[in-house]
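First up is the structure itself, then whatever we jot down about it.
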Amino acid sequence: MIAVFLAATGDRTQLLAAALAQRFQNHRDVFIALLAATLINSTLAAAAGSAIDSIISEDALRLFTALAYI
């Protein structure tokens, strides 16, 4: 039951958004800051994925991904 509650609570991004929205009254600025952070995070993840793709073979990456989901 606790695991279901924790899973339904949301990820760190949702919790951060809720905490910032509660702390700061200007919700537009909070939204823009979270949007910028999400875009930067996605850009860095895509760049890292491209770099890893050129270093690690596809078979090794599939094996790692399969093991990560176990």
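Only the coordinates and a few stated rules stand behind these numbers; no lab work does. Here the structure is a predicted model, which is why all the values come from computation and not from measurement. Positions of Cβ are backbone-derived with ideal geometry, glycine not excepted, and every protein chain shown enters the neighbour counts.
Taking a ≥ b ≥ c as the square roots of the eigenvalues of the Cα gyration tensor, an a/c ratio of 1.5 or more together with a/b no larger than b/c marks the chain as oblate.
Think of the chain as a dipole: +1 on every Lys or Arg Cβ, -1 on every Asp or Glu Cβ, centred on the Cα centre; then among 14, 47, 25, 25 lies furthest on the positive end.
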